[in-house]
Amino acid sequence: MQIEPIKAFEDNYIWALRREGQLAVVDPGEAGPVLRFLETSGDRLCAIMVTHRHGDHIGGIAELVARYPVPVFGPTREAAEVVTHPLRDGATVCIPGLDDEFTVIDVPGHTLGHIAFYSDGVLFCGDTLFGAGCGRVFEGTMAQMQASLARLAALPPETLVYCAHEYTQSCLRFAHTVEPDNAAIDARSAKVDELIGAGRPSVPSTLAEEFATNPFLRWQSPAVIAAAATLLGHAPVNDVATFGAIRLWRDSL
């Protein structure tokens, strides 16, 4: 299976999954970029996959299915107006045309019904985990979001993380503020500068890269705990408190 980015809006990625002329897309917030990709590639749209209900992830689906009546796989708890095949945590879904199986992982926090798709070292995580960052906690709680990130962090470290936005460099700047002595952050920032300068996406990353540079997965790092303690005025009582303090700091900037 080939995986290619389709750029949408200012910084969204619609992920195109291709195999032998068949194409599935993940989170098509716009129809136009997908239609242009299909015209150029000659592929046939076979399925749509949805991680959550925000418009920049589902806004193009109605137009796409009007032209191509394909199944839309997505969360049971939201996006019911577009999802034809609702999925629950732990479900295994075979994407028609691709014949690839994905496991569904519930990851509430950014939205309450947010899901991720995982298959053989490949993760489509929508707006839950970003390169060196994570999504805002719009609907859930800090505890839910930290637990969701912990579930993703339990996947193999070589897992490729296909998030939905090109936020990596801005996230790395914040990560450097949290951990100014973390050399891995500086090295990754230089690498991302090269990629963006060459017109290439900074994603996918690997979970191993995220463990080394993403403060929202590093709630057990002494430096991150110390930063949280400074923000809170006392030592954080647990991992959720550490995560929550860092997330609120990021929200305030």
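The values are calculated or read from the model by the stated rules, or taken from the named source; none is laboratory data. Only a predicted model underlies this, so the values are computations on that prediction, with no experimental measurement involved. Cβ coordinates were reconstructed from backbone atoms using ideal geometry, including for glycine residues, and neighbour counts include every protein chain displayed.
If I filter the stretch 179-199 down to residues being of a type outside the set (A, V, I, L, M) and closer than 13 Å to residue 169 by Cα, which single residue comes out as surrounded by the most Cβ atoms within 10 Å (Cβ to Cβ)?
Filtering the stretch 179-199 down to residues of a type outside the set (A, V, I, L, M) leaves 179-182, 186, 188-189, 191, 193-194, 197, 199.
Narrowing the set further to residues that are closer than 13 Å to residue 169 by Cα leaves 186, 188-189, 191, 193-194, 197.
Details: 186: 15, 188: 25, 189: 19, 191: 15, 193: 13, 194: 11, 197: 8.
So the residue we want is 188.
Residues that are touching a Phe, Trp or Tyr at 6+ places or on another chain (Cβ under 7 Å) and either of a type in the set (D, E, K, R) or outside any loop (DSSP other than H, G, I, E, B) (or both) within the stretch 219-245 comprise 231, 239, 242, 243, listed in sequence order. When 139, 194, 210 are checked against the criterion of being under 27 Å from residue 54 (Cα atoms), acidic (Asp, Glu) and either assigned to a loop (DSSP other than H, G, I, E, B) or without any contact (Cβ under 8 Å) to a residue 60 or more places away in the chain (or both), 139 stands alone in meeting it. For residue 205, the criteria (1) among the small types (Gly, Ala, Ser); (2) over 20 Å from the mean Cα position of the chain (by Cα); (3) within 25 Å of residue 142 (Cβ to Cβ) hold in every case but one, which is (2).
Take the stretch 24-43 and flag every residue that is within 21 Å of the chain's Cα centre (by Cα) and either without any contact (Cβ under 8 Å) to a residue 60 or more places away in the chain or farther than 21 Å from residue 116 by Cβ (or both). Passing the criteria: 25, 28, 29, 30, 31, 33, 34.
Just so you know, in the stretch 213-228 the residues that are in contact (Cβ under 8 Å) with a residue 12 or more places away in the chain and farther than 20 Å from residue 154 by Cα include one that is surrounded by the most Cβ atoms within 10 Å (Cβ to Cβ), and it is 228. Could you check, for the stretch 78-97, whether at least one of its residues is more than 17 Å from the chain's Cα centre (by Cα), in contact (Cβ under 8 Å) with a residue 60 or more places away in the chain and within 22 Å of residue 5 (Cβ to Cβ)? Within the stretch 78-97, one or more residues are more than 17 Å from the chain's Cα centre (by Cα), in contact (Cβ under 8 Å) with a residue 60 or more places away in the chain and within 22 Å of residue 5 (Cβ to Cβ).
Could you check, for the stretch 151-158, whether at least one of its residues is out of contact with any Phe, Trp or Tyr (no Cβ under 7 Å at 6 or more places or on another chain), under 28 Å from residue 70 (Cβ atoms) and either outside any loop (DSSP other than H, G, I, E, B) or polar (S, T, N, Q) (or both)? Checked against the condition, which is being out of contact with any Phe, Trp or Tyr (no Cβ under 7 Å at 6 or more places or on another chain), under 28 Å from residue 70 (Cβ atoms) and either outside any loop (DSSP other than H, G, I, E, B) or polar (S, T, N, Q) (or both), the stretch 151-158 yields at least one hit. Do you know which of the residues in the stretch 101-134 that are among the polar types (S, T, N, Q) and surrounded by fewer than 20 Cβ atoms within 10 Å (Cβ to Cβ) is farthest from residue 171 (Cα to Cα)? Applying the filter and picking the extreme gives 103.
Residues that are in contact (Cβ under 8 Å) with a residue 60 or more places away in the chain and under 25 Å from residue 29 (Cα atoms) do not occur anywhere in the stretch 178-188. Checked against the criterion of being modelled with pLDDT of 95 or more, closer than 20 Å to residue 150 by Cα and in contact with a Gly (Cβ under 6 Å, 6 or more places away or on another chain), the candidates 205, 221 yield just one match: 205.
Quick check on my filter: what residues within the stretch 117-175 are over 18 Å from residue 90 (Cβ atoms) and of a type in the set (Lys, Arg)? Result: 136, 173.
Restricting to the stretch 7-16, name every residue that is surrounded by fewer than 22 Cβ atoms within 10 Å (Cβ to Cβ) and not aromatic (Phe, Trp, Tyr). Within the stretch 7-16, 7, 10, 11, 12 meet the criteria.
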